[in-house]
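> The structure's right below; bear with me while I get my questions together.
The values are calculated or read from the model by the stated rules, or taken from the named source; none is laboratory data. Keep in mind the model is a prediction, meaning the values are calculated, not measured. Note that each Cβ is placed from the backbone with ideal geometry, even for glycine, and that neighbours are counted across all protein chains shown. Accessible surface areas use protein heavy atoms only, side chains included; no ligands, DNA or RNA. Shrake-Rupley method; radii C 1.70, N 1.55, O 1.52, S 1.80 Å.
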Amino acid sequence: MTEPFDVVDIIIDKRDGHRLTPSQIDWVIEAYTNSRIAEEQMSALLMAIFLRGLERDELNRWTGAMIASGERLNYAGIAKVMVDKHSTGGVGDKITLPLTPLIASFGLGVPQLSGRGLGHTGGTLDKLESIPGWRAALTNTEMMRQLETVGAVICQAGSGLAPADRKLYALRDVTGTVASIPLIASSIMSKKIAEGTAGLVLDVKSGSGAFMTELDRARELAQTMVEIGADHGVHTTALITDMSTPLGLTIGNALEVRESVEVLAGGGPADVVELTVQLAREMLDSAARIVEREGIPAAGIRPASAEAMQQAGRLREADPREALQNGQAMDSWRAMIAAQGGDPEAELAWARHTEVISSPESGYLTGLDALKVGVAAWRLGAGRARREDAVQAGAGIVLHAKPGDFLTGGQPLMTLHSDTPTCFERAHQALVGAWSFASQPFPPTPVVRARITM
Ligand code: URA
């Protein structure tokens, strides 16, 4: 096969800081996905991009080529607006669990294609797999049917979505090119856009337990992803949220499912409820704008028609906090779990062994480091080091206090849970320096730190 370009020229162009042309970008992604570009050459190009960056139009083309490397799902036959949320990942981040059924309970579709955890942040599928019988793998037909009936689906992303990303991500992982804003943004957005959602809300975390520890970098990543979404016709907004301390009081699979069910029952920790409600507000407003502009063709609702305006008005007036209180979101959760073979009433696993860590002093807890707590939970068996490892459903950590709380010395600070008692020592090591105390109360960091939209 005669190739239209020589990849060495493309590497040199980017190395020297030149803009890549649309046809160079389309070709390089297609040829690499189909194994006609050597790994060492793509590694060199990724490093050149890491160092030189991509301009907005180059990045859009790059993301578009990644989307075009596979299938793009289409929900044109379903009479619902599709909105989704993506989180860049954090410790104790179980928000997808209450948020997905909550949004579906307002008549919207949420095609939440998720992954398993790797390293110190947990994976949504691992959490749900602690529910007896629940199944992550759905065919496209099963997924479409569930979107039509229940509206909420959380399942494993099929291998047909953005296959270029799978290869590129694996290569970035071993070439020191993960932490590049254009490469992260195109990786996340290619999958989300290929998933076919009309509206997308991004939860971009910043703080020790996040991918982006600095607020400014999180803001830049969020802005870049919002622009990619807009340029591909997906209404995208982003919240920058705090990940300096774990979300909620639980870290670990079954432990987080229990806490999510508490939120769906109208209780749960204040920060989890707050973030769920704020993300829900964004998703409902995004859906309202989409109904106004695009209508819902499968329901016979035309753009800007009186019916579209009425629907949009209903979505804007919808009260997600109330839907957590009145059982509406819980009904939707039960239907979503049951549709995927799970028993929403089943008893969830508990770890066989626990160890309590007590507060070393009296005072206000001023910090509880998300990364250290995440690593400790991972070492207890809640996470995996390699893709093929199994996770323990019951392992993890239950916090008994959050920053801002007053503790007296000897009062329980957290409880470690694991099936393997030999793990406790390494979890303790991970927690060295994880907490700090002060004699005076201090203003807590807000959960939502900024909002980015276009
Ligand atoms: N998550 C992704 O999907 N891709 C990245 O590059 C980083 C986080």
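> If the Cβ limit is 7 Å and pairs must be 6+ apart or interchain, which residue in the range 13-35 that is among the polar types (S, T, N, Q) pairs with which residue that is surrounded by 13 or more Cβ atoms within 10 Å (Cβ to Cβ) and not in a helix (DSSP H, G or I)?
Listed by first residue and then by second, the contacts come to Gln24/Phe5; Thr33/Ser69.
> While we're on this one: Quickly run through the range 15-47 and pick out the residues that are assigned to a helix (DSSP H, G or I), among the hydrophobic types (A, V, I, L, M, F, W, C) and open to solvent by 10 Å² or more (accessible area, probe 1.4 Å).
Scanning the range 15-47 gives Trp27, Ala44, Met47.
> Which residue, of Ser180, Ser130, Ser105, Ser159, is surrounded by 19 or more Cβ atoms within 10 Å (Cβ to Cβ), small (Gly, Ala, Ser) and within 16 Å of the ligand (Cβ to nearest atom)?
Just a single option satisfies the conditions, and that option is Ser180.
> Any residue in the range 236-253 that is open to solvent by 20 Å² or more (accessible area, probe 1.4 Å) and within 16 Å of the ligand (Cβ to nearest atom)?
Checking the range 236-253: not a single residue is open to solvent by 20 Å² or more (accessible area, probe 1.4 Å) and within 16 Å of the ligand (Cβ to nearest atom).
> Here's another thing I want to ask about it. Checking the structure you have, find out if any residue of the range 189-197 is away from the ligand (no atom under 14 Å from the Cβ), touching a residue at least 40 places away in the same chain (Cβ under 8 Å) and within 29 Å of Gly341 (Cα to Cα).
Yes, the range 189-197 contains a residue that is away from the ligand (no atom under 14 Å from the Cβ), touching a residue at least 40 places away in the same chain (Cβ under 8 Å) and within 29 Å of Gly341 (Cα to Cα).
> If I ask for residues that are open to solvent by less than 10 Å² (accessible area, probe 1.4 Å) and not aliphatic (A, V, I, L, M), which ones from the range 50-95 would you list?
Glu58, Trp62, Thr63, Asp84, Lys85, Gly90, Gly92, Lys94
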